[in-house]
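Worksheet for the structure shown next.
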Amino acid sequence: MKNLLLFFLIFINLNLFSQRDIHERWDFELKKFVNQNGKVDYRNWSENRNGLKAYISVLEQNYPKEYWSKNQIISYWINTYNALTINLILDNFPLKSIREIKNPWGKKLIHHKLKSYTLDEIEHQILRKMKEPRIHFAINCASISCPCLLYTSDAADDTPCVDLGGRRII
């Protein structure tokens, strides 16, 4: 019984650590290529995309778990949306507007087991259904009319990205 309890505690700690570790990767990338005003250095990021690609790969392998809090799930999907948007821009760089890309919000950009997701599906079918209106302060569509990209993932704890994004706009 004692061994079973020890195994259970180790298993829970490893899973919680891996969820935090996922977003630490994104946080590192943001701090390298996004300034505190939310301006993205696409040129330099386009020359060093390995970290972003590795992060997206980790996201694909670490779908939100049932035991994650609502804030952790929101942060996961906001960070996923933003990373995929940046990656889409970099796939087509240089460009002046995301609208130069044919159907940017309709492309299947991330794959979880048997399901693939578009930016549109992440925003409308996942995030909006979570009944969190502040998501629009945190997701970035790489357009002047969108909120600035946050230079931190802010997801290592249980604070959703929407708090920082909302404070920035207000």
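The values are calculated or read from the model by the stated rules, or taken from the named source; none is laboratory data. Please read all numbers here as calculations on a predicted model, not as lab measurements. Positions of Cβ are generated from backbone atoms using ideal geometry, with glycine treated the same way; all protein chains shown enter the neighbour counts. Ligands, DNA and RNA are excluded from the accessible area calculation, which covers all protein heavy atoms including side chains. Shrake-Rupley method; radii C 1.70, N 1.55, O 1.52, S 1.80 Å.
Some observations on this one:
- If you check L127, L114 for being surrounded by 14 or more Cβ atoms within 10 Å (Cβ to Cβ) and not acidic (D, E), only one passes: L127.
- Positions within region 62-71 being of a type outside the set (D, E, K, R) and either open to solvent by less than 30 Å² (accessible area, probe 1.4 Å) or under 22 Å from R128 (Cβ atoms) (or both), in sequence order: Y63, P64, W68, S69, N71
- Of note, K102 satisfies the criterion of being of a type in the set (K, R) and loosely packed, with under 15 Cβ neighbours inside 10 Å.
- Unique match (being among the aliphatic types (A, V, I, L, M) and within 19 Å of R25 (Cα to Cα)) among L149, L127, L119, L114: L149
- First in region 44-62 and under 13 Å from I110 (Cβ atoms), second anywhere and among the small types (G, A, S) and surrounded by 12 or more Cβ atoms within 10 Å (Cβ to Cβ), Cβ under 6 Å, 6 or more apart: Y55/A83; I56/A83
- Looking only at region 40-82, and only at residues there that are of a type in the set (D, E) and farther than 24 Å from L127 by Cβ, the one that is farthest from the chain's Cα centre (by Cα): E47
- Candidate set from region 42-61 (those that are surrounded by fewer than 16 Cβ atoms within 10 Å (Cβ to Cβ) and basic (K, R)); member that is nearest to T85 (Cα to Cα): K53
- Any hit, region 130-146, residues being modelled with pLDDT of 90 or more and in contact with a helix residue (DSSP H, G or I) (Cβ under 8 Å, 6 or more places away or on another chain): yes
- Positions within region 72-88 being buried (at least 22 other Cβ atoms within 10 Å of the Cβ), hydrophobic (A, V, I, L, M, F, W, C) and under 11 Å from A142 (Cβ atoms), in sequence order: I86
- Unique residue being closer than 22 Å to R128 by Cβ and modelled with pLDDT of 85 or more when the list is Y81, Y42: Y81
- For beta carbons closer than 8 Å, sequence separation of 6+ or different chains, a first residue in region 88-100 that is under 14 Å from R49 (Cα atoms) and of a type in the set (A, V, I, L, M, F, W, C) and a second that is open to solvent by 60 Å² or more (accessible area, probe 1.4 Å) and modelled with pLDDT of 90 or more, the qualifying pairs are L88/K107; F93/R43.
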